[in-house]
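Everything below concerns the one structure shown next.
The values are calculated or read from the model by the stated rules, or taken from the named source; none is laboratory data. Every value quoted in this text rests on a predicted model; they were computed, and no experiment measured them. Cβ placement follows ideal geometry from the backbone for every residue including glycine, while neighbour counts extend to all protein chains displayed. Note: accessible area is taken over every heavy atom of the protein model, side chains too, but ligands, DNA and RNA are not part of it. Shrake-Rupley method; radii C 1.70, N 1.55, O 1.52, S 1.80 Å.
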Amino acid sequence: LVGGGGNAVMTHVLGYTPKPAENEKGFLAAIDTVGPGFFETMHLPLVLGRSITEGDTEAAPKVAVVNETFAHNYLISVFWTEPLS
């Protein structure tokens, strides 16, 4: 269900304008690789979107699962006008 060790990379969200106290070069993001069934097995409910599936292969478009804090801080202001519920 979990593949390899964790990793951390500097990243940024396209379309997001950093606030004055934030680093304009991005932020450190922790990355863990998981496989199909991980969230169901761990009984971790998804608030929005879909889980990882067998179709999420190296050749498929990349996907990401983020936590609610990340979504509220970086995605809602860029992509959504309604709060996640």
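Structural remarks
- In the range 46-57, the residues that are charged (D, E, K, R) form Cβ pairs under 8 Å with partners that are assigned to a loop (DSSP other than H, G, I, E, B) and surrounded by 10 or more Cβ atoms within 10 Å (Cβ to Cβ), at six or more places apart or across chains, as follows: GLU54/PRO36; ASP56/PRO36; ASP56/VAL63.
- Contact annotation: residue pairs with Cβ atoms under 7 Å, 6 or more positions apart or on different chains, pairing a residue in the range 7-22 that is closer than 16 Å to THR69 by Cα with a partner that is in a loop (DSSP other than H, G, I, E, B) and open to solvent by 50 Å² or more (accessible area, probe 1.4 Å), are PRO18/GLU24.
- Residues that are part of a loop (DSSP other than H, G, I, E, B) and open to solvent by less than 50 Å² (accessible area, probe 1.4 Å), drawn from the range 1-17: VAL13, TYR16
- Pick from the range 23-73, criterion among the aliphatic types (A, V, I, L, M) and not in a loop (DSSP other than H, G, I, E, B), ranking: farthest from ALA8 (Cα to Cα): ALA71
- In the range 65-85, the residues that are closer than 14 Å to VAL47 by Cα and polar (S, T, N, Q) reach residues that are modelled with pLDDT of 70 or more and in a loop (DSSP other than H, G, I, E, B) with C-beta atoms within less than 8 angstrom, at least six apart or across chains, in these pairs: SER85/VAL47.
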